[in-house]
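Asks: I'd like to ask you about the structure that follows.
Just so it is clear, none of the values below were taken in a lab; they were calculated from the coordinates. For clarity, every value in this text was computed on a predicted model and none was experimentally measured. Neighbour counts run over all protein chains shown; Cβ positions are idealised from the backbone, glycine included.
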Amino acid sequence: MGVLAPLVMSATTFAGSAQFAVSSILGAGGGATAAIAAAVLLNARYAPISISVAPLFHGPRLRRLAESQLIVDESWALASRGDGRFERAILIGAGLLLYASWLSGTAVGALLGDALGDPKDLGLDGAFPALFLALLVPQLRSSRGVAAALVGAVIALALIPLTPAGTPIVAPSVACLLGLRGRR
């Protein structure tokens, strides 16, 4: 991929799972259509996440669009105050810090990544599952949160052998959004 392509992708996509999917598919000889489809499916989870924080965004459309790019799993989880409430300053602040870190990390990886060798040898292949587990734990403060996590896990596990990559992530997100809607 060289150095420029990962930097441009990180600057414009800011979604690790989508970037890894695209890299994996293209690296394995897959086509652009499959890579883009996987990225879209993986990022579809941001629809319910974005709906949950939409009331925090005010002002001109361009400003809301720019700020909404900072909604990622980590900033959303950090901004959550429970019971469907979110703190805007934390969402935006965490998003900005994460974006800068993501771009810096991409630059370091693109320039010096070969010197590290295989990430699996360093145990880095477990970093993303550990990250998502750390984001999940604070959401389990209530029986409703535990129930949503369990239902989401069952849906994802049932879909893994039956559906294309990305679907097992999106389907539980939609189910949780429907559960949130039923609560109101």
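Asks: Taking Cα atoms, how many degrees apart are the long axis of helix 32-43 and the longest axis of the chain, rounded to 10 and kept between 0 and 90?
Replies: Helix 32-43 and the main axis of the chain meet at about 30 degrees.
Asks: For the chain, modelled as a Gaussian network with Cα springs under 10 Å, which listed residue fluctuates most, ALA77, ALA148, ALA115?
Replies: ALA115
Asks: Any idea which of LEU78, VAL3, LEU116 is furthest toward the positive side of the dipole for the stretch 1-122, if Lys and Arg beta-carbons carry +1 and Asp and Glu beta-carbons -1?
Replies: Checking the options against the dipole of the stretch 1-122, the answer is LEU78.
Asks: Who wins for biggest fluctuation among LEU41, LEU133, LEU159 in a Gaussian network model of the chain, springs between alpha carbons below 10 Å?
Replies: Between LEU41, LEU133, LEU159, it is LEU133 that shows the largest mean-square fluctuation.
Asks: A further question follows. Roughly how many whole Å is it from the C-alpha centroid of the stretch 1-57 to that of the stretch 61-94?
Replies: 19
Asks: Let me ask another. If you place +1 on the Cβ of every Lys and Arg, -1 on the Cβ of every Asp and Glu, and leave all else neutral, what size is the dipole of the stretch 42-97 about its Cα centre, to the nearest 20 Debye?
Replies: Charge dipole of the stretch 42-97: 220 debye, to the nearest 20.
Asks: What is the dipole size for the stretch 59-128, taken about its Cα centre, with +1 at each Lys and Arg Cβ and -1 at each Asp and Glu Cβ, in debye to the nearest 20?
Replies: Its charge dipole is roughly 600 debye.
Asks: Here is a further query. Roughly how many debye, to the nearest 20, is the charge dipole of the chain about its Cα centre, given +1 on each Lys and Arg Cβ, -1 on each Asp and Glu Cβ, and no other charges?
Replies: 1000
Asks: Let me ask another. Determine the sum of side-chain charges near ALA134: Lys and Arg each +1, Asp and Glu each -1, restricted to other residues whose C-beta is under 15 angstrom from that of ALA134.
Replies: So the environment of ALA134 carries a net charge of -1.
Asks: Using only alpha carbon positions, build the gyration tensor of the stretch 26-90, then give the equivalent ellipsoid semi-axes as the square roots of 5 times its eigenvalues, largest first, whole angstrom.
Replies: Whole-Å semi-axes of the equivalent ellipsoid: 29, 14, 9.
Asks: Quick query: amide H of PHE86 versus all other amide H atoms, modeled in the peptide plane; which residues come in under 5 Å with a sequence gap of 5 or more or a different chain?
Replies: Those lying under 5 Å, H to H, from PHE86 are ARG81.
Asks: Additional query: What's the angle, to the nearest 10 degrees (0 to 90), between helix 16-27's Cα axis and the longest principal axis of the chain?
Replies: Between helix and principal axis, roughly 40 degrees.
Asks: With 26 Å as the cut-off, how large is the P(r) tail for the chain, expressed as percent of Cα-Cα pairs?
Replies: Here the long-distance tail beyond 26 Å is 36 percent of all Cα pairs in the chain.
Asks: If each of SER24 and LEU140 carries a label point 7 Å out from its Cα toward its Cβ, how far apart are those two points in nm?
Replies: According to this spin-label approximation, the distance is 2.4 nm.
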